[in-house]
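Only one structure is covered here, and it is reproduced in the block below.
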Amino acid sequence: MRKARSRRWLRLAVPPVVVLLALLTGVVLYQWEQPDEDDPAYLSPVSTAGIGASSLADAVRGAGVTVSRVGGTADAFRPEHRGDVTILLTTPQFVHPEYLRRLALLPGSTRVVVIEPSRQTLLRGQLPIEGSRRAYASGVSAPGCDFGPATDAGPAAVRRTRYGPVDTGVERQLARCYDDSLVLFSRGWTTMAIVGSADPFRNDRIGEHGNARLALGLLTARPRLVWVDLHHREAPPDPERDPGLGGPTLRPDQTTGPSPARTTPSRVPTATAPGGAGSAGGSGPASSAPGGEGDTPVADPPNPLWQAFPAWTYVVAVLLVVAFLLYALARARRMGGPVVEPLPVVVRAGETVTGRGRLYQRARAREESLTTLRAAALSRMARLLRLDPGTGRERVVAAVAAASGWPPHLVMDTLFGAPPEDDDSLVAAAVRLEALAESLGAAVTTEQPDFSEGARR
């Protein structure tokens, strides 16, 4: 009959599997819940879906601002859309990098609001922000700045993507709010606002906290709003197809526009950004500092190694470490009493003795080796002489000396002598012990021929 297999391995396999399944389920549900930016309803001013932005568009119109919906960034650069206007880029990752670089060529009365650009978008568009960090979900935080729309809105759910410092050698930072999730800076003649979350603009989130007031403050600072409703990757600019795009352009290594006041690398000038309460008619960065400029120390840029991987990879790494520690703890803990199991292979006694002897030799355990040999010899001699297990040392020596014919002092030294000092002493003691055991065995067998058979019975 075949023996049933043990299921003890389930105790070790189930906990890591449960943790892994929980992690995968969370990742799948998180990705499922996230809106697709290529969805036509995503932040569209005409969509009433939860991820749409029709509520915000209606509120902007109610504030007296004209909303113009365009299907591409090239349309936002047309002459009829230039001047005292706000341009909203809801999906900057779909905007061609050349258009992002041309933003610096817009008039000084233009404000550009960019919603949650990724690190790659910042690099491709030559936007002067050094890195970003993205969280799983948006968090609520206080403004922490004196930017008008932020102070009027109060706490808002903007803290999702947090942006690094502005490169002050190229542009000038105007405001930094909501734990680095709302950054305003000059871009050539233009003022740009980088928003770290789309929640304040969505229909299903605009009513939470101060989201509505913040979104309105960003989009109603100019009498006109050009809403770029883009949901696919744009083609490169074509001056022949789009005559309104004529004029200079920006190469990746070129900066066009007024040169802001340069500062030392350790200090950044900051000022209240345009578009605050009562500043709807404000213009470019040159006139956007009613409160004056102050020096604010710049934090050291974050280590790029931490930004090389998305945030979820660090969570997975931590969970894997925890699972490994739990597995190691489970392996080290004895689960139940010892179970007698057959050896998978048969090991010869000679090999076992040789292996144990080599272990003793490697550990230089001479005293332990001789003690083990003496214990085995005493056990065998006690059986031959039929001595009780608790017999004293003197009686054992006397009985062995009488039976073997060896002098008592030699028997005492052989069975209970001093430990060996070196390998030669150990070998000599072992040989003498074996000789005594053989002499005793021969003497007992000669005097009692049936002793071994009785002992076996």
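Each label was represented as a point 7 Å from its Cα along the Cα-to-Cβ direction; for Glu341 and Val170 these points are 6.3 nm apart.
Between Val19 and Ala398, residue separation times 0.36 nm minus the direct Cα-Cα distance comes to 129.6 nm. Multiplying the residue separation of Asp39 and Ser379 by 0.36 nm and removing their Cα-Cα distance gives an extension gain of 113.7 nm.
Set the Förster radius R0 to 41 Å, insert the Cβ-Cβ distance between Ala135 and Leu359 as r into 1/(1 + (r/R0)^6), and round the FRET efficiency to 0.05. Efficiency at R0 = 41 Å is approximately 0.15.
Among 154-166, 348-360, sorting by the average number of other beta carbon atoms lying within 10 angstrom of each residue, highest first, gives 154-166, 348-360. Taking every DSSP beta bridge that has both ends in segment 88-224, the antiparallel portion is near 70%. Using the Cβ-Cβ distance between Val431 and Arg331 with R0 set to 41 Å, the FRET efficiency works out to roughly 0.40.
Which of the peptides 197-205, 321-329, 64-72, 167-175 is most tightly packed, and how do the rest follow, judged by the mean count of other Cβ atoms within 10 Å per residue?
Highest-to-lowest ranking by the protection proxy: 197-205, 167-175, 64-72, 321-329.
The C-alpha atoms of segment 349-456 occupy a region whose extents along the principal axes are 42, 32, 24 Å, arranged from largest to smallest. Summarising the label geometry, the points placed 7 Å from Cα in the beta-carbon direction at Glu421 and Ala442 lie 3.2 nm from one another. Between Thr48 and Arg61, the contour length at 0.36 nm per residue exceeds the alpha carbon distance by 3.1 nm. Listed by Cβ neighbour count within 10 Å, with the fewest neighbours leading, Leu182, Leu21 appear as Leu21, Leu182. For the peptides 124-130, 391-397, residues were scored by their other Cβ atoms within 10 Å and the scores averaged per peptide; the highest-first order is 124-130, 391-397.
Laboratory data are not the source of any read-out in this text; all were calculated from the coordinates shown. Model, not experiment: these values are computed from the prediction. A quick note on method: Cβ atoms are made from the backbone with ideal geometry, for glycine too, and the neighbour counts reach across all protein chains shown.
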